[in-house]
1. If you check A:133, A:138, A:165, which single one turns out to be under 30 Å from residue A:47 (Cβ atoms) and in a strand (DSSP E or B)?
2. Could you list all residues from region B:38-56 that are of a type in the set (A, V, I, L, M) and at pLDDT below 90?
3. Give the residues of region A:438-468 that are in a helix (DSSP H, G or I) and more than 13 Å from chain B (Cβ to nearest Cβ), sorted by residue number.
4. Is it the case that residue A:545 is at pLDDT below 80, crowded, with 18+ Cβ neighbours inside 10 Å and under 25 Å from residue A:505 (Cβ atoms)?
5. Going by the conditions given, is residue A:561 buried (at least 20 other Cβ atoms within 10 Å of the Cβ), at negative phi and of a type outside the set (Gly, Ala, Ser)?
6. Looking at the structure I just gave you, is residue B:50 under 13 Å from residue B:74 (Cβ atoms), among the aliphatic types (A, V, I, L, M) and either more than 10 Å from chain A (Cβ to nearest Cβ) or surrounded by fewer than 20 Cβ atoms within 10 Å (Cβ to Cβ) (or both)?
7. Out of all the residues in region A:310-328, which are β-branched (Val, Ile, Thr) and under 33 Å from the mean Cα position of the chain (by Cα)?
8. For region A:177-207, which residues satisfy the criterion of being touching a helix residue (DSSP H, G or I) at 6+ places or on another chain (Cβ under 7 Å) and under 19 Å from residue A:225 (Cα atoms)?
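The values are calculated or read from the model by the stated rules, or taken from the named source; none is laboratory data. None of the values given here were measured: they were computed from a predicted structure. Methodologically, a virtual Cβ is constructed for each residue, glycine included, from the backbone with ideal geometry; neighbour enumeration extends over all protein chains shown.
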Amino acid sequence: MKKQKLIHYLGGEVGASAHLKESKELEHVLDGIDEGVLVLNKRYGIIWANKYFIRNLRYPRKRVAGLKCYKVIHNVGSPCRKCVVRDMFKKGSFCESAHFHTEKDGSRVWHEVKAYPLFDKAGKIIHAVYIFRDVTERKKAEDALRESEERYRGLVESQQDLVVRVDPKGQFTFINDAYCRKFGKKREALLGKTFMPLVHPDDLPATLKAMEGLKVPPYRIRVDQRAKTAQGWRWIAWEDYAIRDKKGNTLEIQAVGRDITDRKRAEGALRDSEERFRSIFEQAPDSILLLDAKTGEFLEFNDRAHENLGYTREEFKKIRIPDIEVFESPRDVADHIKKIVRKGSDIFETKQRTKDGRVRDILVNTRCISLGGRDFIQAIWRDITERKKAEEIIKREVEKLRQLDRMKSEFVSIASHEIKTPLSVIKAYSELLSSMVLGDLNEKQKELAEKISKNASHLAELVNEILDLSRLESEGHAIIKSSFSIRDLVQETVEEMNVPAHKKNLSLGFDATPAKLMLTADREKIRRLLRNIIDNAIKFTPPLGRIQVSAKSAVGGVLLNISDTGIGIPKGELGKVFDKFYQVDSSTSRRYKGAGLGLTICKKIVEQHGGTIKLENMRGGGTLVTVFLP
Amino acid sequence: MVDDEPEMIKAIKIMLESGGYVVHTTASGVECLNVVDSIKPDLILLDIRMPQMDGWATLKKLKAKGVTKKTKVIVVTVEKGPGAEIFGLQDDVADYITKPFEMKVLLDSVRRALK
């Protein structure tokens, strides 16, 4: 349809040919606006369409004229029920609505539509002016906004974090579900009330003070507080944000909170633990240090570390190990640190020089630890100067004692020889006297000579025992072990001791023992042991008595038993029998000659072999000696 | 007989002479070695603890000499316990008497050695 024709048509119909010029101007205006304009006849036929309409519906202008608007716009066969034009015709006045129509490509286009009536002179509606605006973009934006708001609301309501908004007075304006659940309260009960009663009284001042920060950039604060929740007092960490108007006045404060009670507890436990370790670190009697393995720098150290060396903390921070090390050169120290890193740990002794030049002995215990790809040396320095000194003194004293012991042994050895030589002369001459080789003696003289002889022998025996004991007691006299048949040894000893036993009219017997029962010990000393015990038994057993020796295998060694039918040992004195120079009483010692060293020597021998010796009185009289040798 | 203790020499000399033996005494090992060639003893009584040359050294030398190679030797000493074994001379010792000793023990030992 031609424009001219339309104008004419329009003008003609409305009878406004006088306003042709005016109409043209109107047409021009209508073509320029961003809304679609249609002029329809009462049968919905298009009489005129403006440029926007043509462009928007993508219909060629010449084909539009005469077409039904519902066909062109909605592609339907009749006006729909919601059609504003229809409504307008019915109502006889202005109508508007919004609707969509489907484009050829299937996309939906939203239109805001309006319909005006055009009247003839008689006031009858002859045309309809249909104006539409494409509001698809606005619609889309509105939808997007709504969706976004819904999403946001869902987010706020569904999350575990507490979300609230309060007005500048602190009164709740918004509370999410999580908050209601947390505090066990209904939303209605909180809205309009202030949050303050829910905060722990101790934390409220700090909270309010922190909220002052919302008045200045970045209008955002963080505050931890205890709050009265349904589960009791819980720690909540809040992030508050001030929502402000264009002028900068705070409208509301939005706060997001999270329960951090468990984290707080863990932090507390960690802090406690750290405090405990720090206390150990600070109060340890040793110096504890942490070194950077690369630079040798003291990163951390307790007070003991610098105090022990006479430095202040500040001074100590600047020094390095070579500054205090006495033995090792800087290169040695570097090598040593490398070695510790390689080995993982090292314990060694060194010497350190204090600030005032004293040298201290230090026991160093190190461990290498790797943190974040860096190597650190953890070192504990123990000042062992005093201990070293004490050790040195003890060493010297021990050496002195050893020397004294050697001197004593030597003295005993020389003295005994020197005593025994004149004793031997006395013995020899008294023997000569009593043998009457040199002339006759009367009975009394002979008796005296014999007494001299006997006592000389006794004295010599005593000297021998002292010498033996002295040798046993001196460390150097080690035992020479060999493996031998215990039966053979006992047999030999018993045969040897049979001579003195028979002299006293005693029987000395040996229980049968398998020859293969072996003992690993110092054979000579065990012989000595047996001899001493049997000798003792002979001494303290009256004539016609019996002495019995037995040897048997026992768990982990050999058990020797020597029993006699002698006088036994008074009950209260059993514990003393191994004492030096012990004899049951002075009267017995006179009767039974002996130095009182025999059992002491026995005990020494048994101890040297790691065995045990026990003396007991037997029921019915006599003594039983039990020796265990491993 | 060899002993550095004069009183001991005297006593033993009397004891042995009472048994009817001829006793020649020397006061040291050196003196003993010097006289054995002329004396040619049947038995030697040897003390161990002596100054200069001790009994074991003397015994070794006596055994090395032709004249005393087979002569029996009785060791008479204050030492108890092992001695000859240490020097490997146990086969060269006929008897071992510990001082102080009984006269009877000495005379029995000498008698046995000279049998």
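1. Exactly one of A:133, A:138, A:165 is under 30 Å from residue A:47 (Cβ atoms) and in a strand (DSSP E or B), namely A:133.
2. We begin by selecting, within region B:38-56, every residue of a type in the set (A, V, I, L, M); these are B:39, B:43-46, B:48, B:50, B:53.
If the condition is that a residue be of a type in the set (A, V, I, L, M) and at pLDDT below 90, then B:39, B:48, B:50, B:53 are the ones that fit.
3. Within region A:438-468, A:443, A:444, A:445, A:446, A:447, A:448, A:451 qualify.
4. Details: at pLDDT below 80: no; crowded, with 18+ Cβ neighbours inside 10 Å: yes; under 25 Å from residue A:505 (Cβ atoms): yes.
Here the answer is no, as residue A:545 does not meet what is asked.
5. Criteria not met by residue A:561.
6. It is false that residue B:50 is under 13 Å from residue B:74 (Cβ atoms), among the aliphatic types (A, V, I, L, M) and either more than 10 Å from chain A (Cβ to nearest Cβ) or surrounded by fewer than 20 Cβ atoms within 10 Å (Cβ to Cβ) (or both).
7. A:312, A:319, A:321, A:324
8. Listed by number, the residues that qualify are A:180, A:183, A:196, A:198, A:199, A:204.
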